[in-house]
1. In Å, the Kirkwood hydrodynamic radius of the range 402-462 over pairs of distinct alpha carbons?
2. Under 23 Å Cα to Cα from LYS291, which lysines show up? Leave out anything in the same chain fewer than 8 places away.
3. In the range 80-157, which GluC sites (Glu not before Pro) fall in coil by DSSP and have 14 or fewer other Cβ atoms within 10 Å?
4. Starting at the first residue of the range 86-93, write each ³J(HN,Hα) from the Karplus equation 6.51 cos²θ - 1.76 cosθ + 1.60 with θ = phi - 60°, in whole Hz, x for Gly and Pro.
5. In the range 277-379, which GluC sites (Glu not before Pro) are in a loop and have at most 13 other Cβ atoms within 10 Å, using DSSP for the loop call?
6. List, largest first, the extents of the alpha carbons of the chain along their principal axes, each in whole Å.
7. Take the Cα atoms of the range 27-145, find their three principal axes, and give me the spread along each one in whole Å, biggest first.
8. What Kirkwood hydrodynamic radius, in Å, does the range 124-235 give when the mean of 1/r is taken over all pairs of distinct Cα atoms and then inverted?
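The values are calculated or read from the model by the stated rules, or taken from the named source; none is laboratory data. A quick note: this is a predicted structure, and the numbers were derived from the prediction, not measured. Virtual Cβ from ideal backbone geometry, glycine too; neighbours counted across all protein chains shown. Quick note on the areas: whole protein, heavy atoms, side chains included, nothing else; ligands and nucleic acids left out. Shrake-Rupley method; radii C 1.70, N 1.55, O 1.52, S 1.80 Å.
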Amino acid sequence: MQEENNGNTSKEKSLTGINIQALNLFFIILTAIVFCFILVISTTVNNRFHAVENAINKFIICEQSSELIKESANYLTDQARLFVVTHKEIYVHSYLDEIINTKRQQKALENLEEVCSEKDLALQRLKIAMEQANSLINMELYAIRLAYKVMGSNNLPERIREIQIRAIDEDIPKEQLHEIALNNLFGEGYLIYKTRINENCRLTINAIEQQIKDELNINADELGANIRRLRILFFVLLLINVILFIAFAYLVILPLEKFKASIANDEKLNVIGSLECKHLAESYNEIYELKAQNERSLLKKAEYDALTGILNRRAFDQICTTSAEKKHPIALLLIDMDNFKYINDNFGHAGGDVALKELARILTETFRAEDYIARIGGDEFAAILPNCTVKAARIIKKKILTANEKLLSIQDNIKPVSISVGVAFGAEGFSEDLFKKADKALYIVKEKGKRGCEIYEENYATEK
C-alpha cells in the first residue's frame, strides 16, 4: 500500500504544465496594473482638460474685463461731455451712478484678479489702464465742477462738491471756464489718456492671448501624448483578453472536449492541457485502468473451453450481455468448421480435437488481442470485435481468408479443414437480432459451397 502511495506521489510530481489558477491570477494582476496606469493617465488627461478650460475661461474673463473698462470709460466720457455741453444734470446723475453704484471698472479688475496672479502681464496692463481711467475720471469730475460754476448752481451733488476748483481758475470768467471744461474733455491731454487706456486694454488681451496660446500648446502636447498612452494601454488590455481566451481555450476547453470524446468512446484520456486538466486525466486513467483490470479479472474467472483454451459459451453469453449494456459498435462473427463429421469419421475423435484446437489457435492469432474468440458449440465458434464498424468488412474478409489458408496445413496433416463465417455489424452492441443476421449470413456461405465469409446485408431479409 505504501509503495502504491509512493507511486501516486511520484506521478503527481512528474506532471508538469501551466497552472490555470496561477495563470488566471497573473492576468488579473496584470490587468489591475494596466487599469491603474489608465486611471493615472485618465486623471492627468482630466487635469489637462481642466487646465485648457481654465485657460479659455481666463482669456474670456480678460477680454470681457478689458472691454468692460473701455465701455465704462467711454460711457463716463459721454456723460461728462453731454453735461458740459448741455448743462443737463441727468447726465451728471448717470455719471455718478456709474462710478459710485455700477462700478464696472472696479468689477472688471476684481474679475481679472480672480483668474490672474500678480505676476501676470495681463493683470499688470489692466491695472495701468485702471490708473489711467481714474486719471480721466478726475479730469471729467473737474470739468463737471467747472460746468456747475458756469451754471451758477449751488445745488451740487456731494461727490461734485468735493472737487475743489484750482485757485488759478477761481476768478476766470464763465465763458473761459466753459472753454477750460471743454478742453479738459476734448483736449489733446484727455485724448492721450483715452488712447493709452485703449492701448493697455489691447495689450492686456494680447498678453493673455499669448499666455493662453502657450498653455494650450503645452496642454495639447501633453494631451496628445497621454491619449497615445491610453491607446497603447487599451490595446494591451485587448491583447491580454485575447491571450487569456486563447490560453483558456487551449488549456481547458479543448482538452475537456477531447476528454468528453474519449469518455464517450470508452478510451483512456490523453494527458493534455493545463496542470489541472492533466491531474484530472491521470485520475481518470487510474480509475479506467482499475476498471479494466476488474473486467479482465472477471474474464479470467469466467469458464474457458477445456479443449481449445478459449472462451466457452457461458463466457460468450456474459460478453454479449455486457456489450448490449454498453451499446458500443461491434462486429459479430459466427464461425462454423466445414466437414467436421468427415474429419471425425476419417481421423477419429482425436483428429477432430486437433482440428478444433488448431482452429482456436489460428483464430486467436488472426484477430486482435481485444477481440473475444469463443467456442459456443461442438464445431461452432463465435467472435465479438469491439468498436468495429462496417468499414472493417474488407479487413475481416481478409482475415478469414488468411485463417482458411493456414488451416490447409495444420498439424497431423488433417484435411480438409476450413471455416464458413457469417458477419453482422451492430451499432449499439449485441442483440438477438444481430445474432440472427450473422446466422443468416453464415447460411448464405453454406449455400454457396462453404469455405468463405459473408457480410450480412439488409436485402437478405427480403430474400426467400
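1. 12.8
2. Here the lysines satisfying the reach criterion relative to LYS291 are LYS11, LYS258, LYS260, LYS268, LYS278, LYS300, LYS301, LYS326, LYS327.
3. GLU118
4. 9, 6, 9, 6, 4, 6, 5, 5
5. When the GluC sites (Glu not before Pro) of the range 277-379 are filtered for loop state and at most 13 Cβ neighbours within 10 Å, GLU303, GLU370 remain.
6. Reported extents, whole Å, longest axis first: 177, 62, 32.
7. Principal-axis extents of the range 27-145 (Cα, largest first): 86, 25, 16 Å.
8. 18.0
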